[in-house]
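Below is one structure, written out as structure tokens, with a few remarks after it.
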Amino acid sequence: MEPAPTGIFTFTFDTLPAGRVREVAAEVDELGYGAIWLPEVFGRDPFVAASLLLGATDRLSVGTGIASIYFREAPAMAAAARSLAEAHPGRFVLGLGVSHGPMVEGYLQREYGPPIETMRAYLDRLDGSVYSAAAPSEEPLRVLAALGPRMLALAAERAGGALTYNVPLEHTSAARRALGPERLLAVEQKAVLETDAATARQVGRAALGVYLGLPNYANNLLRHGFTADDLADGGSDRLIDALVAWGDVDAVRERVQAQRDAGADHVCVQVLTTDPRRAPLEEWRRLAPALLG
């Protein structure tokens, strides 16, 4: 079961106590969004957080965006995913990724292996994991964090699709071709509800800065026509405008539609604000009629 066409991606639930997370998630569900995607960095365990959100909502899907394969062994990953899929049929999406060398070798102090070979071997172990608890009625939908053509090909071969992040429209078109028509293509799209160009780009740069120094993202952007100059100093205006939809509600709606026209089945909108710790509930409310109507 695939998530409905429009969802949200957010880091900000980690800033809220659990009770408030439940309240906000319930309103997001009532607004009609199709999914909530949760990252894995230094906050709540994404499977614990997913359980919190699934228990507080009735309809929407919850996806890990992305659970790192270096953070847990394959049997633990499989057991967590199947437990959620059994408790909440058709509503949990297992998003997996290889993370980044600086994170794995610096923070985790583990060797960062070749991404494709490492992911393929992990999927083999995942599929072979023993699980003796009550089985879900269907296996959870599995998507891979994929940017380059080889990881997209692996997603088409071994998963239900891919989740892409920090991508321009040109990448979405290429990803659609690589996945073929049958696999889910979920695309994260950053958005700033701000009509002043300087302010909007400043918010975008603050969010993108950490990513532009990571080889996986930098190399992907270079493949799609950007230059080293575009990636320098927090990102050129051209780069920011390609990755961040900014302006009024209609401007964000138009970019989300452009992602769909380029081949996305599902667009998860990451609303950025001047306060990255604030859950942008008011912005989600403002966007809902335009994105979900």
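Each value in this text was obtained by applying a stated rule to the coordinates, not by laboratory testing. This is a predicted model, so every value here is computed, not measured. Cβ sites come from the backbone with ideal geometry, for glycine too, and all protein chains shown count toward neighbours.
Where does the charge balance sit around residue 166 when Lys and Arg score +1, Asp and Glu -1, over other residues with C-beta under 12 Å from its C-beta? Around residue 166, the surrounding residues sum to 0. Compute a Gaussian network model of the chain, connecting alpha carbons closer than 10 Å, and tell me which residue from 270, 259, 109 fluctuates the most. Result: 109 has the largest fluctuation of those listed.
Based on Cα contacts under 8 Å between residues 6+ apart, the chain shows a relative contact order of 20 percent.
Whole-Hz Karplus values for segment 187-194 come out as 10, 7, 10, 6, 8, 10, 7, 8 Hz, taken residue by residue from phi with 6.51 cos²θ - 1.76 cosθ + 1.60 and θ = phi - 60°; glycine and proline positions read x. Using a cutoff of 8 angstrom between alpha carbon atoms and counting only pairs six or more residues apart, the relative contact order for segment 210-293 works out to 18 percent. Entry note, the chain: the mean residue ellipticity at 222 nm calculated from DSSP H runs of n ≥ 4, each adding -39500 (n - 2.57), is -14000 deg cm²/dmol after division by the residues and rounding to the nearest 500. Rounded to the nearest 20, the Cβ-based charge dipole of the chain about its Cα centre (Lys and Arg +1, Asp and Glu -1) stands at 320 debye. Let a ≥ b ≥ c be the square roots of the eigenvalues of the Cα gyration tensor of segment 232-286; is it rounded (a/c under 1.5), or, if not, prolate (a/b larger than b/c) or oblate? Here segment 232-286 falls in the oblate category. Among 48-59, 75-86, sorting by the average number of other beta carbon atoms lying within 10 angstrom of each residue, highest first, gives 75-86, 48-59.
Remark: spin-label model distance residue 132-residue 274 equals 5.8 nm, labels positioned 7 Å along the Cα→Cβ axis.
Straightening the chain between residue 157 and residue 237 buys 25.2 nm, computed as 0.36 nm per residue apart minus the Cα-Cα spacing.
Label separation (residue 11 vs residue 120): 3.3 nm, computed from points 7 Å beyond Cα along the C-beta direction.
The dipole here belongs to segment 14-71: it is taken about the Cα centre, uses +1 on the Cβ of Lys and Arg and -1 on the Cβ of Asp and Glu, and is about 80 debye. Other residues lying with their Cβ under 14 Å from the Cβ of residue 134 contribute a combined charge of -2, Lys and Arg counting +1, Asp and Glu -1. Ranked by the mean number of other Cβ atoms within 10 Å of their residues, highest first, the peptides 183-193, 280-290 come out as 183-193, 280-290. Placing unit charges on the Cβ atoms of the charged side chains and taking the dipole of the chain about its Cα centre, the candidate lying farthest along the positive direction among 292, 189, 147 is 147. Local charge for residue 267 was computed over the other residues whose Cβ lies under 15 Å away, with Lys and Arg +1 and Asp and Glu -1, and equals 0. Using the Cβ-Cβ distance between residue 44 and residue 109 with R0 set to 22 Å, the FRET efficiency works out to roughly 0.50.
Charges were assigned to the Cβ only: +1 to each Lys and Arg, -1 to each Asp and Glu. The resulting dipole of segment 186-288 about its Cα centre is roughly 260 debye. Can you find, among 32, 57, 81, the residue farthest towards the positive end of the dipole of segment 27-89? Put +1 on the C-beta of Lys and Arg, -1 on that of Asp and Glu. Sorting the options by dipole projection puts first 81.
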